[in-house]
Amino acid sequence: MKQIFTFPLGQLQANCYLLVSDGKALVIDPGGPPQAVLHKLTELGAELETVLLTHTHFDHMLGVPALLREGVRLLVPEKDAVGLTDGQYNLTSLWGMGFLPPLHADRLLREGDTVTCGEFRLTTWHTPGHTAGCSCYLTDSALFSGDTLFEGSYGRVDLPGGDPAAMQRSLARLMELPRPLTVYPGHGGAFVF
Ligand SMILES: [Zn+2]
């Protein structure tokens, strides 16, 4: 069995996704205090194995330190690893929102890399534009799109690492994915694309 739960977290209510399968759990983009996520893990008796980031903006990772512990690994797109320690890149120093201790990735992800959790198998799509390394993760007919693709719009490209031309190329690639596809964006509700 595969389950997906959504928790808008933090001041910017970024969507945190909890994937659970066979008693194993993976969390995508915990952007604020993750108490609700921890409660759900306890309720389900699921073991958290992986915290996965679509990119390293603070509103997608302020909750990471509260989830990391022995046996939990942090997976980050390779070209966004800079944001784990750079307050300019992750916007904490620019916007002054939240404190983030320096983080360390256990694994850096590139295009095509896969991440598994129980029966879930996610494939990394490197989709730069919003940031230099931001990535989407595809599993079955679901796409976790971070701040790359929203319903009817896409992420801003004027922040550190942003690139309008790269965003156009990334969106063009996503348009070629087999449909229908359920998109789970970084902000706002899921939608069928
Ligand atoms: Zn962002």
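Just the number, please: percent antiparallel of the DSSP beta bridges in the stretch 2-192, rounded to the nearest 5.
If I count the DSSP bridges inside the stretch 2-192, around 65 percent turn out antiparallel.
Run lengths n ≥ 4 of DSSP H only: what is the helix-derived mean residue ellipticity at 222 nm for the chain, with -39500 (n - 2.57) per run over all residues, to the nearest 500? Working shown, then result.
Values: 4 runs with 30 residues, N = 193.
Helix contribution divided over all residues of the chain: -4000 deg cm²/dmol.
Roughly how large, in nm² to one decimal, is the mean projection of the convex hull of the alpha-carbon atoms in the chain?
If you wrap the Cα atoms of the chain in a convex hull and average its projections, you get 9.6 nm².
Report, by chain and number, residues whose modeled amide H sits under 5 Å from the one on residue 54, excluding near sequence neighbours (fewer than 5 apart, same chain).
29
With +1 assigned to the C-beta of every Lys and Arg and -1 to the C-beta of every Asp and Glu, and no other charges, what is the dipole magnitude of the chain about the Cα centre in debye, to the nearest 20?
140
If packing is taken as the mean number of other Cβ atoms within 10 Å per residue, what is the order of 27-34, 51-58, 143-150, highest first?
51-58, 143-150, 27-34
Lysines within cross-link reach of residue 24: Cα-Cα under 23 Å, excluding same-chain residues under 8 positions apart?
2, 40
Bear in mind these aren't lab numbers, they're just calculated from the coordinates by the rules spelled out. Remember, predicted model here, so these are calculated numbers, not experimental data. Cβ coordinates were reconstructed from backbone atoms using ideal geometry, including for glycine residues, and neighbour counts include every protein chain displayed.
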